[in-house]
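First the structure, in the form of structure tokens, and then the observations on it.
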Amino acid sequence: MTNKNLIDLEAMTPQQIDKIIKKAKKIMQSPADYRHACDGKILATLFYEPSTRTQMSFQTAMLKLGGRTIGFDNPMNSSVSKGENLKDTITIVSGYSDIIAIRHPVEGTAMASSLYSDVPVINCGDGGHLHPTQTLTDIVTLSIEKGRLDNLKIGVCGDLLNGRTVHSLIKTLAKYENNSFVLISTKELSVPLYIIDILEKNGCKYEFSNSLADAIVDLDMLYMTRIQRERFSSEADYEAQKNVFVLDKEKLDKAKDDMIILHPLPRVNEITVDIDDDPRALYFKQAQYGMFGRMALILMLLQDDEFTISERTTIISEHKCNNSKCITQSEPYLPKLSYEKKGMIMCDFCDKRID
């Protein structure tokens with residue numbers, strides 16, 4: 001296990017984040033200078049869950065740095081289909097590659113993978129838990145387009161319960177001075193309590209809203225997300241939520257002229273297509289910025305010996321995590337790792353409380 005894994009952007013200091021942003025900007029300005037930066041290096045992309053932007057962005061990032069890629073985009077095309085456990089897959093693949101990018105539908109998988117890898121592991125999304133490299137994309141975009149990561153009023157809208165991109169974004173931007181948040185969702189899809197704990201710990205102002213039209217008026221950034229069909233237990237539950245929040249021209253007319261609209265994509269129907277040409281709509285440019293952010297991250301993890309990511313203090317718990325969505329439920333050999341937070345014992349894999 002290395003201490004150069006990116007499992008959760010919260011483990012990085014603002015100084016480290018700023019370092020990645022600066023490197024991404026340098027790459028954007030002079031891409032030719034980095035064409036051979038990763039000659040001879042191999043990135044393994046292990047995608048157990050569908051992806052377009054994240055997977056292609058990482059692959060393109062490595063290719064533009066002069067490296068190569070291996071991996072799979074469907075676990076049924078690998079030994080996983082034969083019953084191979086995560087430990088064995090990661091152990092083998094880390095022997096073939098120099099860095100691993102993994103996406104998985106089960107919470108805590110990236111953390112579990114890091115236990116058995118001899119090379120850096122990058123979390124590309126683990127269930128509804130976290131998506132730190134999407135947040136890296138978001139903050140590179142913010143830094144370039146707004147010129148700052150502090151003193152912002154940020155609206156996040158949609159599936160805030162299951163939206164791993166939302167969780168990672170709030171956790172990261174809560175570190176920066178004088179940021180406030182408007183949490184726009186239905187009651188059923190409001191943010192988990194651990195996200196509220198983080199906002200309060202960092203002294204961030206926050207408010208809840210069930211009206212996008214009302215909330216949009218004084219935002220600096222609106223972060224739209226889709227209602228995630230794949231996270232619902234029934235089609236009826238999904239249908240009841242999917243069209244509650246839609247950004248259209250009528251609502252956008254109420255926003256400030258310099259507000260920016262971001263979206264992790266894919267879009268379903270939560271932003272109408274006629275908004276795409278509005279100069280405030282940056283979600284397609286955002287995806288391009290993400291590639292440069294991932295190029296910078298790869299370089300930092302592979303080449304900067306001083307760029308190490310702090311690990312929290314963990315303990316061995318006597319109790320198994322009872323979160324049905326946690327990787328410990330399906331990979332029983334995993335150690336019962338936990339950490340303490342406000343007198344509570346939390347699962348080190350999925351960040352849920354262990355009773």
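Rule-based calculations on the coordinates, nothing more; no lab input. Keep in mind the model is a prediction, meaning the values are calculated, not measured. For neighbour counting, all protein chains shown are included, and Cβ atoms are generated from backbone atoms with ideal geometry for every residue, glycine included.
Before moving on, here are some points about what is shown:
- Sorted largest first, the spans of the alpha carbon positions of the chain along the three principal axes are 54, 53, 38 Å.
- Relative contact order %, the chain, counting alpha carbon pairs below 8 Å whose residues are six or more apart: 19
- 5 angstrom amide H check on TYR206, placed H, neighbours 5+ away: PHE181
- Built amide H within the under 5 Å cut-off of THR69, gap 5+: LEU43
- Restriction of the chymotrypsin sites (Phe, Trp or Tyr not before Pro) in the range 274-355 to DSSP coil positions whose beta-carbon has at most 12 other beta-carbons within 10 angstrom yields TYR333.
- Ordering of 68-77, 95-104 by burial proxy (mean other Cβ atoms within 10 Å per residue, highest first): 95-104, 68-77
- Selection of GluC sites (Glu not before Pro), the range 265-315, meeting DSSP coil and at most 12 other Cβ within 10 Å: GLU306
- Between amide H atoms placed 1.01 Å from N, distances below 5 Å from LEU247 occur with ILE271, THR272, all of them 5 or more places distant or on a separate chain.
- Sequence-ordered 3J(HN,Hα) estimates for the range 169-186 from the Karplus curve with 6.51, -1.76 and 1.60 and θ = phi - 60° stand at 5, 4, 4, 6, 5, 5, 6, 9, 5, 6, 8, 10, 10, 10, 9, 9, 6, 6 Hz, glycine and proline given as x.
- Per-residue ³J(HN,Hα) for the range 28-43, Karplus 6.51 cos²θ - 1.76 cosθ + 1.60, θ = phi - 60°, Hz, x for Gly and Pro: 4, 6, 9, x, 5, 5, 10, 5, 10, 5, 10, 3, x, 9, 10, 9
- By average C-beta atoms within 10 angstrom, highest first, the peptides 258-269, 142-153: 258-269, 142-153
- Rounded to whole numbers, the Karplus 3J(HN,Hα) couplings from phi for the range 92-99 are 5, 5, 5, x, 9, 10, 9, 7 Hz, using 6.51 cos²θ - 1.76 cosθ + 1.60 with θ = phi - 60°, and x at Gly and Pro.
- Pairwise Cα distances in the range 263-355 exceed 23 Å in 58 percent of cases.
- Qualifying lysines (Cα of each under 23 Å from Cα of LYS82; at least 8 residues distant if same chain): LYS325
- Using the empirical formula 2.2 N^0.38 Å as the baseline, the Cα radius of gyration of the range 47-195 reaches a ratio of 1.16.
- Distance between modelled label sites at GLU84 and LYS254, nm, 7 Å Cα→Cβ extension: 5.3
- DSSP finds beta bridges in the chain, and of those with both partners inside it, around 15 percent are antiparallel.
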